[in-house]
1. Would you kindly calculate the mean projected area, averaged across all directions, of the convex hull enclosing the Cα atoms of region 124-187, in square nanometres?
2. Once label points are set 7 Å from the Cα along Cα→Cβ at both GLU275 and ALA181, what is their separation, rounded to one decimal in nm?
3. Give me the Debye-computed log₁₀ of I(q)/I(0) at q = 0.12, 0.20, 0.23 Å⁻¹ for region 221-275, equal point scatterers on Cα only, no solvent, two decimals.
4. Calculate the radius of gyration of the Cα atoms of region 252-330 to one decimal place, then report Dmax, the largest Cα-Cα distance, as a whole number, both in Å.
5. Taking amide hydrogens as modeled 1.01 Å from N in the peptide plane, which residues meet the under 5 Å criterion relative to ASN324, leaving out close sequence neighbours?
6. ASP197 to SER129: FRET efficiency via 1/(1 + (r/R0)^6), r the Cβ-Cβ distance, R0 25 Å, to the nearest 0.05?
7. Can you give the accessible area of ILE219, probe radius 1.4 Å, in Å² rounded to 10?
8. Starting from the Cα of LYS296, step 7 Å along the direction of its Cβ; do the same at GLN218; then give the gap between the two resulting points in nm.
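The values are calculated or read from the model by the stated rules, or taken from the named source; none is laboratory data. Because the structure is a prediction, the values reported are computed rather than measured. Every residue, glycine as well, gets a Cβ built from its backbone with ideal geometry; the counts of neighbours run over all protein chains shown. Calculation scope for accessible area: heavy atoms of the full protein, side chains included, ligands and nucleic acids excluded. Shrake-Rupley method; radii C 1.70, N 1.55, O 1.52, S 1.80 Å.
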Amino acid sequence: MKNNDKYWDRLIERVYHGDWSEKEKDEQQKSIEEKDDQWVRRTHELLKQVFNWDRFNKKEAKLRLNYRLGHKQSFFQRFNQQVWTKAAVILLALITGAVLHAIMPEPGQKTSYSEVIVPLGQMSQIRLSDGSIVWLNSGSVFKYPASFDEKRREVFIDGEAFLEVAHNPQKPFVVNAPSFAVEVLGTSFNVEAYAADSHSSVTLVEGKVVLHANQEKQIQRMVPGQSASLHNGKIDKLREVDTDFYTSWKEGKIVFRQESLEEIAKKMERWYNVEIQFKDEALKKLEFSGTFLKYKPVEQVLKSLSIMNDQIDFITQNRINQKNMIYIVKKNN
C-alpha cells in the first residue's frame, strides 16, 4: 500500500463521502486500490452504524461509537498492523470532523422534531428537555425537539396549550402558532391557535411575553392578567381578564362567558368528537355563559344549553363509522 499523504487524504475523503468511483483509479494501481475499495466500503458501512451524518448528535454518537468499537474489534484485527494504523487515522479524522460539524452545524441543517397529536375528547401533558411543562387540549398538534439548541428553545402548536416555561435568560423560548409567535424567557401562559379558526388568543398568567403577529408585523408586549385576541394573524384587542377563564380547560372544565353559540359549537366538536350543524344561521349569534364539566355526556351539556335559551333544540343523528351528527334547530314553541 502507498504511504504518501495524498493517497490517504483521498481515501479519507472517499470513506466520508462514500465515493469510490472507478474514474479515480490509476490503472497501474488498480489491483491495489480494488483491495482498498473493499476496505473503504466496509469501513464506511461500520461508520454509518455509528454516525447519522445528516443529523449528527454528539453525545449520542460518543455512546454509540464506544459501544460499536467494543463489539467490532474483530473487524480491524483482520488487517495487518499497517492497515490498522491507517484505519485509526481515518477514524480519528472522521470523528474530529463530525464533532466539529456538530459544534458548527452547516447552514440549513434541520432539527429533528417529535410530534404529539392529541385525539378529540382527550388532553395530554408533556415535560420538555429544559424542564418546561406543556398541557395540550383536545385536537391539538404539538411539535418539539428532543433537545434544544444552544441559542433558543423553539416549539410549534396548532391547537390550544398551556405552558409553564422554565426560566433561562440565555435561551428565549419561542412558541410558533399558525399566524403568530410568542417569545418568553420563563412564564406561564395559554395559547389558543387552531389553524382551522380565524380567531386566536394568548393569555398571560405569570411573567412577561412578546407577541409577534404575522400580519402587519405587529409586536405586543404583555403583562400578567392580559389577554390578546387575534383575527387572521392580526392583533385585534388587548384587555385585562380573569385568567382562570382561559386556563380552566386543563382542569376538565368548559367555561363560556358571553360566547356565541357558533364558538361554543366548535369547542364541543373538538372535545366530544362530533359534527355540529346549524339549521338556522341566526342561532349562531346567540350568546351563553356557563361552566360545564368536560367529562359529562354531550347530551347533558346540550340539554343545559336548551334550558338556558328556549329558542334552541338539538337533534342527534348516530352514524356508523363516522362522527355523530348534531343539528342545532330553532325550537317550535
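1. Numbers: hull surface 15.6 nm².
Average of the hull's projected areas for region 124-187 equals 3.9 nm².
2. Inter-label distance under the simple model: 3.7 nm.
3. Once normalised to I(0) and log-transformed, intensities are -0.36, -0.93, -1.11.
4. Rg and Dmax of region 252-330, Cα atoms, are 11.8, 35 Å.
5. Sorted by chain and number, the residues that satisfy this are GLU275, ARG319.
6. Values: r = 30 Å, r/R0 = 1.19.
Efficiency at R0 = 25 Å is approximately 0.25.
7. Taking all protein chains as shown, ILE219 has close to 110 Å².
8. 3.5
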